[in-house]
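The values are calculated or read from the model by the stated rules, or taken from the named source; none is laboratory data. It should be emphasised that the depicted structure is a prediction, and the values quoted were computed from it without experimental measurement. Heads up, the Cβs are rebuilt from the backbone with ideal geometry, glycines too, and the neighbour counts pull from every protein chain shown.
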Amino acid sequence: MRRHTQSALAIWRSPLHRPLVLPVQSSIRFQSSTNHAPAHQQDHLAGRRRWKRLQQSQKHSLGIDALGKPGEIVVVPDSSRRNTRNRRRKPNDAAGDTERLTLGSMLDDLDEEASQLTASAVHQGFEACRGACQPNDTLAPGEWEELRSKVASSFTYNQLSDYLADSRSKLSEIDKTTGRWRPGTSMFLHTTPGGARDEVTDRVATSRDLKGKPLLAEQILRNCWKLSITDEVGQLDLQMPSAFVVLLLNAEHFSFDEVASLHGSSIDITSSLGLVRITGKQNACESIREVILDATARIREQDVDIEVGVDTAGSGQVFGSEFLEWVGKTYGVAFDRGSSHVPEKIVYLAENERGADDARRTLNLAVNETKPTPVPFSSYMPASEQASVYHFDPEANASWFDRQMSWFRWAMSSVQSVEAATPSSPFFDTHQTRLSTALLKLLRSTRPTKVDFQSSSHVHESVTAAAGRCLFARKGPSEETVMTAPQLGGLSLPRTFTTEIPRIAPFLESLTLIQPKEETRRYNIRMTPSARYADDVPQLDVEVAFTPAENAEAEDTLEVQCVKSIFSTNSVDYLLPENSLDLRFTRTVYRKVSKETLAGSSQYESLVQSIKESLRDVLVSGNASRRAVPLPAFCQISVPGDLRSLGDPISTDSTTAEYLLPPLSDIRGAMAQQYDFDGRPLTYRFYESGPFLAARTTELLLDMELPDAASDPEHHRPQESVENDFHAFYNAACNMAFRIHKAKYETLEVV
């Protein structure tokens with residue numbers, strides 16, 4: 001093809017002075033009407049022009065002059081086909097083409113020049129536009145707009161796209177990193193492949209109305225050259241396990257709000273997606289990211305290890321979302337539930353290990369709470385007599401599950417009035433005197449499983465009477481305000497028994513305190529096996545005596561006074577509708593090992609040692625400090641074989657099992673005081689044990705030992721002396737409840 005000297009138009013479109021273009025689909029051609037071809041070529045050229053005009057070209061007048069002649073526009077085939085025809089031209093055609101110099105032929109030559117630009121030349125053009133800008137440089141908003149406009153106007157759309165495509169392989173590894181700050185804001189989370197790369201420009205494009213070449217130029221500046229705008233607001237997404245996000249929300253020593261406020265940014269949380277979205281300037285967002293990652297580095301986890309002991313039929317209540325959310329917020333932990341509804345792991349911060357232990361203990365307590373032994377109830381009221389049904393709110397003095405329900409108490413209307421005169425109890429005063437015998441039979445009707453009384457030794461049976469309130473669950477609105485005891489029993493309502501007794505001091509002040517003979521502090525602690533060991537080992541009632549050292553040179557003394565292995569408990573609620581309190585009688589079958597036996601037998605050595613190791617530190621701390629010292633959540637106890645069975649032990653080997661200690665807020669709550677109540681020891685204990693259990697518990701109880709516990713009940717019915725002893729105990733318990741009730745009214749009269 002002929003080469004023309006570069007015209008001014010060609011110089012304007014040269015690579016150094018014009019946008020780099022790809023071959024165009026159409027061009028403008030001005031063609032002269034004079035034909036200077038030789039005569040012997042006229043027929044051939046005429047046919048050729050007719051074919052071109054009919055098949056491929058259309059000529060239109062422009063209505064303007066070009067180079068002194070009327071202008072025309074001719075639509076020609078695309079450049080690749082023209083180039084193919086040009087390459088097929090014979091050399092002897094060059095002479096004829098020399099004389100056909102038109103604007104169209106000049107544009108063809110320019111298109112050919114553009115098509116011959118190499119990739120390296122295009123790349124050099126991009127680098128020239130980039131100038132001195134280095135990755136991570138920031139530009140002022142005006143400089144940014146200028147550079148983006150320069151890039152968009154200096155290259156074709158295809159050249160911009162090709163440059164981005166060449167850079168994608170280098171960007172792919174960067175896109176895999178999590179927590180990268182991106183300019184602009186978005187309400188959505190992009191999770192598709194390449195989303196991290198394309199999302200940046202999509203955010204900005206939406207807010208700045210970018211499209212076409214400016215959009216590609218924006219991508220090049222941000223994704224390829226790693227440039228950003230000074231003080232630009234963007235977002236940084238952190239994705240982590242959902243349990244980690246919930247943990248940081250619940251943590252006591254970490255606050256998203258505080259971190260965001262300190263850095264002048266905002267943080268949005270989507271727990272279900274495990275997403276933490278930080279919005280703000282780049283430095284602030286990256287600083288917040290480091291704070292969050294530092295917190296996640298302190299996350300620890302421990303197995304819940306509770307599913308083995310869970311009754312799946314009732315586990316929905318224990319492991320419901322509402323309860324687990326409450327436990328997480330209360331103790332600053334989170335749960336990894338895996339594919340099961342039962343939590344598999346507890347997630348916590350390293351500095352909150354105690355909170356994790358308390359949370360796991362709460363789950364174990366909840367399992368025990370939701371599968372209690374059925375408790376019947378009885379009353380001295382005649383079957384035909386009615387009593388009122390009135391709403392009662394235990395407030396914080398009930399377990400968490402009980403606090404979610406509505407309750408009522410069955411009592412006479414006179415009990416509800418604080419303005420009543422001297423309280424009276426005509427029905428109790430005239431009730432059958434031998435109801436106690438029926439009550440004792442009801443208590444002893446339940447036999448412990450796997451027990452051989454004849455071969456059992458050191459087996460004891462006792463009954464305690466505790467004062468409190470028997471409450472019935474209210475199932476929806478009810479119009480009934482009075483009912484008889486049989487009607488109440490026919491409803492088969494869930495029940496609970498609360499032991500918070502207000503204004504107990506006047507009653508206790510009327511009694512004589514039984515002072516201990518020595519300066520020794522005695523603690524009674526009930527240890528309950530965790531869910532994993534619930535079927536292997538029994539509950540243990542442990543009594544320890546702690547004597548503080550008299551001076552710095554002496555040592556504190558800790559002795560295990562006795563250990564009771566609890567094999568069976570069953571209760572009966574005894575309603576006192578003419579009283580503000582009710583009674584709960586509880587029968588317990590247990591094996592008792594005395595202090596002398598513990599000290600004189602080697603088989604109990606590991607038991608005594610494990611008890612001392614579990615309690616020594618907390619007892620020493622509680623004695624040395626005036627502040628409240630709570631019990632640890634768990635301990636490891638070595639249980640001998642004879643304490644694991646009521647009959648003769650199959651094996652004398654000890655079993656080490658995990659036990660729960662009661663959630664006492666202060667170890668001093670395990671200390672009990674004893675008063676003389678009509679010649680009987682009355683035990684009083686007050687402690688705080690929330691937040692899952694009742695916040696405040698008042699234990700006010702009488703107890704008695706039942707004889708002949710080692711006899712087979714099938715052949716040895718309760719003797720008359722046993723019935724008489726229990727009848728006296730029954731009268732003392734009822735007398736205790738009515739005296740507490742009367743003391744409350746006497747206090748009101750004084751006030």
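A few comments on the model shown:
- Contact map, the stretch 234-246: residues that are within 13 Å of G338 (Cα to Cα) and in contact (Cβ under 8 Å) with a residue 12 or more places away in the chain paired with residues that are in a strand (DSSP E or B) and of a type in the set (V, I, T), Cβ distance under 6 Å, separation 6+ or inter-chain. Pairs shown: A243/V347.
- Odd one out for Q454, checked against (1) loosely packed, with under 12 Cβ neighbours inside 10 Å; (2) modelled with pLDDT of 95 or more: (2)
- If only residues of the stretch 127-145 that are over 15 Å from K213 (Cβ atoms) and without any contact (Cβ under 8 Å) to a residue 60 or more places away in the chain are counted, the one that is farthest from the chain's Cα centre (by Cα) is A128.
- Some residue of the stretch 364-380 being farther than 30 Å from S492 by Cα, part of a helix (DSSP H, G or I) and not hydrophobic (A, V, I, L, M, F, W, C): no
- Hey, S378 surrounded by 13 or more Cβ atoms within 10 Å (Cβ to Cβ) and among the hydroxyl-bearing types (S, T, Y) or not: yes
- Criterion applied to Y574, Y533 was being under 42 Å from the mean Cα position of the chain (by Cα) and modelled with pLDDT under 95, and the one residue passing it is Y533.
- Where strands (runs of 3 or more DSSP E) sit wholly within the stretch 478-558, those with at least 1 residues that are crowded, with 16+ Cβ neighbours inside 10 Å, among the polar types (S, T, N, Q) and without any contact (Cβ under 8 Å) to a residue 60 or more places away in the chain occupy 539-547.
- Filter pass, P663 being over 18 Å from K612 (Cα atoms), assigned to a loop (DSSP other than H, G, I, E, B) and at pLDDT 95 or above: yes
- Residue selected from the stretch 228-266 under the condition within 13 Å of I299 (Cα to Cα) and over 10 Å from the mean Cα position of the chain (by Cα), by the criterion surrounded by the fewest Cβ atoms within 10 Å (Cβ to Cβ): H253
- Some residue of the stretch 418-432 being at pLDDT 90 or above, assigned by TED's automatic domain parsing to the domain that holds R685, among the hydrophobic types (A, V, I, L, M, F, W, C) and within 24 Å of S492 (Cα to Cα): no
- The stretch 328-353 - residue that is over 9 Å from the mean Cα position of the chain (by Cα) and part of a helix (DSSP H, G or I) and, of those, surrounded by the most Cβ atoms within 10 Å (Cβ to Cβ): Y331
- Among (1) at pLDDT below 95; (2) of a type in the set (S, T, Y); (3) over 30 Å from P394 (Cβ atoms) - the single one S614 does not satisfy: (1)
- Residue within the stretch 354-361 that is of a type in the set (G, A, S), in a strand (DSSP E or B) and out of contact with any Cys (no Cβ under 8 Å at 6 or more places or on another chain) present: no
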